[in-house]
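Asker: I am attaching a structure below and will ask some questions about it afterwards.
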Amino acid sequence: MERHHNYIAGKWAPSRTGNYYQSHNPACPSQILGEFPRSDAADVDAAVASASTARAIWEQIQAPQRAAILLRFSQLLQDSKDELARIITLEQGKALCESAGEVARAAAEAAFAAGEAVRLSGQTFPSERRGFSCYTVLQPVGVVAAITPWNFPVVSPVRKIAPALACGNTVVLKPASLTPRSAVYLASLLEEAGLPPGVLNLVIGSGECGQRLISDTRVRGISFTGSTAVGVCISEQVAARMAKLQLELGGKNPAIVLDCDDLDGAAQEIVAAAFLCSGQRCTALSRVIVQESQADEIRQHLVKHMEKIRVGNGLDPQTTMGPLVSRHQLETVAGYVRKGLNDQSTLVAGGQQLTESPESEGYYYAPTLFDYVSADSALAQEEIFGPVLPMIRVRNAEQALEVANGARYGLAASLFTGNRHLVDKFVQHVESGMVHVNHGTASQAHVPFGGVKDSGLGAFSIGPTAKDAFTNVKAVYIKW
Ligand code: NAP
Ligand code: MG
């Protein structure tokens, strides 16, 4: 079995602890995929020291050269799409076509970030006083910690690493411990793209490594994607030392159906956005809020489209929905379904674990739909992060908006309607970072991405706002 290592100062570095753990295939947990370091504080310290030292080297590299390295990285991602997609599916479980899409998306975001290196412009200002020049420049933050979740093992790290490097920072990546193989692959591609030693460092290990990283005062910027619970802990800790912080957190994203003239089309969009990645997407549609008079009909269409989902091993080309990522995730989902069965809601479809074949112990769960869910129940309020979709029936547009905004999260929201007046109202009043009308919650590779309320803090990632997380503004006054 292959043993993988950390990547520190341009070298594959065995963990100083000497301890390794095994990662598993969620479609077939008895299949061990590799051994990975169980790093500790000493490994994290070495990675931060390496990133600190490399700052001087990276600052000497001019922006067009940084862009060229990132463009090579983007090309390498495209060239290795098949191999990397297979790695994602093996360790994360999602269907192979989704994994291929994730790699393509990461390549597109890296290409955009490459261009940003040469677009890091400041502003010039007229002066109050004669003989002065006033302008701003954007400078790197310094050492950046990138801490990423397991649901997008390639896109999530690239979304942080590429813009951070473009802006002239050095990086320490701490990937989710469930999906380390993709991170190892990314580090090797960056090395192949010509990134100087120490500019990107990879430390594999548990959340304690993340904890150590954020408490290191040499780390001046932190970009974290993960659960709101961990995000809040990080925010509290980082407040004490004023490091720059970007948090991308959970969601409870509503699909609102009101005066909709294409319920079949709406259901198709909702099912795709709810069950992609087995519902383990921060932007998954995870509540359907529907006006009473359209509820029966959309429910029929939802069931029809859910029946087309083929649950199975992600490597099988017929599969459209893979297993959940872990036993823990499977048990969490089963726990929410039990709660749903215990309150007054109606189970319409799914509601049980699936075994793909008698000998498979994969973490498969059936696409699940509940109706008559009350807006204040756990199913309607909490991020389940699995293939469970609750339907909440409402009287009118006012109540739909009130229910949509009645959750702690504010990441993405979709409205399905033919009513132009409702579109304006929804776009203006829905409390979310991203709003979609008449399609599911699919983002694009150059458009800002982020959330409000408990879904995020700091600059939006992707597109032109990403640089705000990875640069500091410096105002310059020169007297001639
Ligand atoms: P998580 O448990 O919060 O973990 C995220 C990362 O933080 C992992 O690398 C984890 O390490 C590490 N970590 C855990 N405890 C830490 C601590 N105390 N200090 C520093 N780092 C720590 O999230 P997850 O379960 O991997 O991912 C699912 C969550 O991510 C969902 O809530 C989802 O909504 C959110 N998400 C948000 C977005 C977005 O853009 N808004 C995108 C994707 C996912 P270990 O893996 O070793 O525990
Ligand atoms: Mg977790």
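Asker: Just one of ALA378, ALA397, ALA407, ALA349 is in the same structural domain as GLY433 (by TED's automatic domain parsing) and under 21 Å from THR320 (Cβ atoms); which is it? Even if it seems obvious, please write down each step before you answer.
Answerer: Working: ALA378 fails: under 21 Å from THR320 (Cβ atoms); ALA397 fails: under 21 Å from THR320 (Cβ atoms); ALA407 fails: under 21 Å from THR320 (Cβ atoms).
One residue alone meets the criteria, ALA349.
Asker: In the stretch 35-77, which residues are in contact with a Lys or Arg (Cβ under 6 Å, 6 or more places away or on another chain), of a type outside the set (Ser, Thr, Tyr) and either in a helix (DSSP H, G or I) or not assigned by TED's automatic domain parsing to the domain that holds TYR21 (or both)?
Answerer: In the first step, residues of the stretch 35-77 are kept if they are in contact with a Lys or Arg (Cβ under 6 Å, 6 or more places away or on another chain); the result is 35, 41-44, 48, 52.
Applying the additional criterion that residues be of a type outside the set (Ser, Thr, Tyr) yields 35, 41-44, 48.
ALA41, ALA42, ASP43, VAL44, VAL48, listed by residue number.
Asker: Right, something else. Within the stretch 445-480, count every residue that is assigned to a helix (DSSP H, G or I), within 14 Å of ligand 1 (Cβ to nearest atom) and without any contact (Cβ under 8 Å) to a residue 24 or more places away in the chain. Break it down into steps so the answer makes sense when it comes.
Answerer: Filtering the stretch 445-480 for residues assigned to a helix (DSSP H, G or I) gives 463-470.
Subset that is within 14 Å of ligand 1 (Cβ to nearest atom): 463, 465-466, 469.
Of the ones still in play, those that are also without any contact (Cβ under 8 Å) to a residue 24 or more places away in the chain are 465.
Summing the residues that are assigned to a helix (DSSP H, G or I), within 14 Å of ligand 1 (Cβ to nearest atom) and without any contact (Cβ under 8 Å) to a residue 24 or more places away in the chain in the stretch 445-480 gives 1.
Asker: Within the stretch 355-381, can you find the residues that are hydrophobic (A, V, I, L, M, F, W, C) and over 23 Å from GLN300 (Cβ atoms)? Working first, answer last.
Answerer: First pass over the stretch 355-381, keeping only residues hydrophobic (A, V, I, L, M, F, W, C): 366, 369-370, 373, 375, 378-380.
Of everything in the stretch 355-381, just one residue is hydrophobic (A, V, I, L, M, F, W, C) and over 23 Å from GLN300 (Cβ atoms), namely ALA378.
Asker: How many residues does the stretch 304-327 hold that are closer than 13 Å to GLY93 by Cβ and part of a helix (DSSP H, G or I)?
Answerer: Here the count works out to 1.
Asker: I've got another one for you. I'd like to check something: does the stretch 99-119 contain any residue that is touching a Cys at 6+ places or on another chain (Cβ under 7 Å), in the same structural domain as GLN31 (by TED's automatic domain parsing) and either of a type outside the set (A, V, I, L, M, F, W, C) or more than 18 Å from PRO149 (Cα to Cα) (or both)? Step through it out loud before you land on a result.
Answerer: Of all residues in the stretch 99-119, those touching a Cys at 6+ places or on another chain (Cβ under 7 Å) come to none.
Scanning the stretch 99-119, I find no residue that is touching a Cys at 6+ places or on another chain (Cβ under 7 Å), in the same structural domain as GLN31 (by TED's automatic domain parsing) and either of a type outside the set (A, V, I, L, M, F, W, C) or more than 18 Å from PRO149 (Cα to Cα) (or both), so the answer is no.
So that you can scan it fast, the table gives a plain yes or no per residue for (1) within 12 Å of ligand 1 (Cβ to nearest atom); (2) crowded, with 16+ Cβ neighbours inside 10 Å; (3) among the hydrophobic types (A, V, I, L, M, F, W, C):
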{"site": "SER182", "(1), (2), (3)": "no, yes, no"}
{"site": "LEU189", "(1), (2), (3)": "no, yes, yes"}
{"site": "GLY198", "(1), (2), (3)": "no, yes, no"}
{"site": "GLY207", "(1), (2), (3)": "yes, no, no"}
{"site": "SER215", "(1), (2), (3)": "yes, yes, no"}
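Asker: Can you give me the number of residues within the stretch 227-241 that are in contact with a strand residue (DSSP E or B) (Cβ under 7 Å, 6 or more places away or on another chain) and within 6 Å of ligand 1 (Cβ to nearest atom)? Lay out the reasoning, then the answer.
Answerer: We begin by selecting, within the stretch 227-241, every residue in contact with a strand residue (DSSP E or B) (Cβ under 7 Å, 6 or more places away or on another chain); these are 231, 234-235, 238.
From what's left, within 6 Å of ligand 1 (Cβ to nearest atom): 234.
So the count comes out to 1.
Asker: Can I ask one more? Can you say whether ALA412 is within 30 Å of GLY93 (Cα to Cα) and within 16 Å of ligand 1 (Cβ to nearest atom), as far as the supplied structure shows? Outline the logic, then answer.
Answerer: Numbers: within 30 Å of GLY93 (Cα to Cα): yes; within 16 Å of ligand 1 (Cβ to nearest atom): yes.
Criteria met by ALA412.
The values are calculated or read from the model by the stated rules, or taken from the named source; none is laboratory data. What you see is a predicted model; the values in this text were computed from it and never measured. A quick note on method: Cβ atoms are made from the backbone with ideal geometry, for glycine too, and the neighbour counts reach across all protein chains shown.
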